[in-house]
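Here the structure is laid out as structure tokens; the discussion comes afterwards.
The values are calculated or read from the model by the stated rules, or taken from the named source; none is laboratory data. Keep in mind that what you see is a predicted model, and the values were worked out from it rather than measured. Every residue, glycine as well, gets a Cβ built from its backbone with ideal geometry; the counts of neighbours run over all protein chains shown. Surface areas here come from the heavy atoms of the whole protein model, side chains and all, with no ligands, DNA or RNA. Shrake-Rupley method; radii C 1.70, N 1.55, O 1.52, S 1.80 Å.
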Amino acid sequence: MTQAATRRTPGTPCWTSLMVHSLAATQDFYHALFGWEFTPGPQQLGAYVRAVQGGRPVAGLSELPPERHLPVTWSTYLASDDADETAEMIRACGGTVAVGPLDADEAGRMLIAADPEGAVFGVWQEGTYPAAEEAGAPGTPVWHELLTREGAGVLKFYQMVFGYRTEAAAAEDPGCRTLRLGDRPVCAIQSVGDALPRGRGPFWMTHFAVADVDDTVRRVTALGGQVVRPPSRGAAGRRATVRDPEGAAFTVVSADREVG
């Protein structure tokens with residue numbers, strides 16, 4: 001959550017975070033992969049650090065309690081002007097609120113929720129610490145997609161809670177619905193059918209910009225991660241999907257290409 005000139009429009013992805021079993025090992029991995037440095041963050045929910053790239057915070061990492069054997073996944077946070085009001089909307093539209101709303105020191109107010117299909121996401125209400133500004137430099141998040149088996153049902157939930165407009169699916173990717181605020185694309189819902197990993201539900205995928213997709217994939221494997229989808233070129237540029245050593249999936253995309 002970097003220094004932003006203006007408050008983000010509600011519904012805009014504004015932060016991404018990761019809850020892991022070994023915070024120290026995860027910091028080592030992402031420092032080696034993206035060059036991230038780390039500073040302490042709010043500790044209400046346990047050990048938490050902010051990842052910093054080029055002097056700007058770009059993501060959050062926290063450590064799960066030893067007794068919590070949960071899958072490790074990146075979580076997208078969506079901006080809100082009023083986290084409490086958004087929490088009520090989430091419940092009214094069939095979602096659940098698992099944590100919060102609660103204050104993160106004076107930085108802002110947050111909650112963690114799940115949509116009706118079970119995909120976890122966060123909500124961030126900016127306080128003294130602004131949401132992340134738009135970025136495109138290597139090592140920064142540039143796009144967010146909800147991966148689900150069939151997106152038509154859950155699409156209405158996000159439209160009702162955050163006011164998104166939808167863009168018609170492109171002929172080359174009929175399973176993707178781009179979500180817009182005004183005329184600006186901000187995120188997407190991707191229907192992947194049986195390609196969703198067996199044994200897990202829908203989830204939000206964070207895309208990080210990198211200078212060289214192929215080199216990044218080689219470094220992921222050298223650092224103990226895995227390749228989920230090898231590098232390939234599409235309409236939005238070269239990309240690949242990988243997992244870190246704890247199993248958290250993320251996509252890397254060419255930093256010089258627009259995603260969305």
Practice task
Please give the peptides 31-37, 114-120 ranked by average Cβ packing (other Cβ atoms within 10 Å per residue), highest first, as a rough proxy for protection.
Solution key: 114-120, 31-37
Exercise for the section: Report ³J(HN,Hα) in whole Hz for each residue of segment 143-152, in order, from the Karplus equation J = 6.51 cos²θ - 1.76 cosθ + 1.60 where θ = phi - 60°; Gly and Pro get x. Expected result: 6, 9, 10, 8, 9, 9, 5, 8, x, 4
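Measuring with a 1.4 Å probe in the full set of protein chains, what accessible area per residue, in whole Å², belongs to segment 38-128?
Per-residue value: 46 Å².
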Exercise for the section: Please give the calculated 222 nm ellipticity per residue for the chain, where each DSSP H segment of at least 4 residues contributes -39500 (n - 2.57) and the sum is spread over every residue; nearest 500 deg cm²/dmol? Expected result: -5000 deg cm²/dmol
Handout entry: Beta bridges by DSSP in the chain, antiparallel share as percent, to the nearest 5
Key = 75
Handout entry: Amide hydrogen neighbours beyond the local backbone of Leu146, cut-off 5 Å, H modeled
Key = Ala188, Ile189, Gln190, Met205
Problem - Highest-first arrangement of 238-250, 57-69, 176-188, 201-213, where packing means the average Cβ count within 10 Å - result: 201-213, 238-250, 176-188, 57-69
